[in-house]
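Colleague: Let me give you the structure first, and then I'll get to my questions.
The values are calculated or read from the model by the stated rules, or taken from the named source; none is laboratory data. Bear in mind the structure is a predicted one, so any value in this text is a computation, not a measurement. Methodologically, a virtual Cβ is constructed for each residue, glycine included, from the backbone with ideal geometry; neighbour enumeration extends over all protein chains shown.
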């Protein structure tokens, strides 16, 4: 006959009642111990899961907040990109208008514009249907690249316009436009009767008379290329203005410039005289375009 031990659990009640004993068999006690251990393990696991879920919920909350912040930032960026897109279109329109006003034709202009399409715009602010932040960011990235191409195109057009305007300004500065001598016209350009031979001859310039020694002024920017005696022209001066334009001055008294010197429109270059074959003090003034004599009156605007 085997003797089996039993577990006794003493339960203490409040101050009113006495203790109560509960006797358990070893099997039941083992089951109770296993149950208590399992309960402890379950409680520990549940606590861990609850802790990790709280961390995940906190992380998720932070991500949602970051997403809302990113959405607001994307909305602000979308407005800025739309504003920049409008400015690029305005710049493009200004370049075209300036090209038309200045009458400058840009070679290869269509090819340049075709590179980026001119920044047509994606109407980010007019999108009514919901759009995810990822899609909006992708659209913004693509449009910013298009805007970069458009800006590069407009920069190239602006450079060509500036070069064209600079060339126009340079041509105007180097084109004779004023009277070289303040006086009166005594002999025009073209066919005339020679005051020396009485025969018909072609006068390749104009004669301007004034008081002896009156100052002579450069009619445009240029470079002095010659000064010296030249037969019947007497003291003779030549200025090359570039762009195929040359002016020549005869019968001078003297000059105040030297060969190789750069002169500007309105600068004093010499003095009127009657050197060479001359009937009196005057300036013989010629204008040549690509080596051909033309009427100087066309270039004596004021």
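Colleague: So, of the residues in the stretch 138-147 that are surrounded by 13 or more Cβ atoms within 10 Å (Cβ to Cβ) and under 13 Å from residue 84 (Cα atoms), which turns out to be farthest from the chain's Cα centre (by Cα)? Break it down stepwise before answering.
Modeller: Going residue by residue through the stretch 138-147, those that are surrounded by 13 or more Cβ atoms within 10 Å (Cβ to Cβ) are 139-140, 143-144, 146-147.
From what's left, under 13 Å from residue 84 (Cα atoms): 140, 143-144, 146-147.
On the way: 140: 22, 143: 18, 144: 16, 146: 15, 147: 12 Å.
Restricting to residues being surrounded by 13 or more Cβ atoms within 10 Å (Cβ to Cβ) and under 13 Å from residue 84 (Cα atoms), the top hit is 140.
Colleague: Under 8 Å between Cβ atoms, at least 6 apart or on separate chains: pull out the pairs that start in the stretch 205-233 with a residue that is within 17 Å of residue 279 (Cα to Cα) and end on any residue that is assigned to a helix (DSSP H, G or I).
Modeller: What qualifies is 205/296; 206/296; 206/297.
Colleague: For the stretch 244-302, enumerate the residues that are assigned to a strand (DSSP E or B) and in contact with a helix residue (DSSP H, G or I) (Cβ under 7 Å, 6 or more places away or on another chain).
Modeller: 250, 251, 284, 285, 286, 287
Colleague: Okay, moving on. How many residues does the stretch 178-193 contain that are part of a loop (DSSP other than H, G, I, E, B) and touching a residue at least 60 places away in the same chain (Cβ under 8 Å)?
Modeller: Selection size over the stretch 178-193: 7.
Colleague: Also, I was wondering about something else. When the stretch 194-226 is examined, which residues are found to be part of a strand (DSSP E or B) and at pLDDT 95 or above?
Modeller: 206, 207, 208, 209, 215, 216, 217, 222, 223, 224, 225, 226
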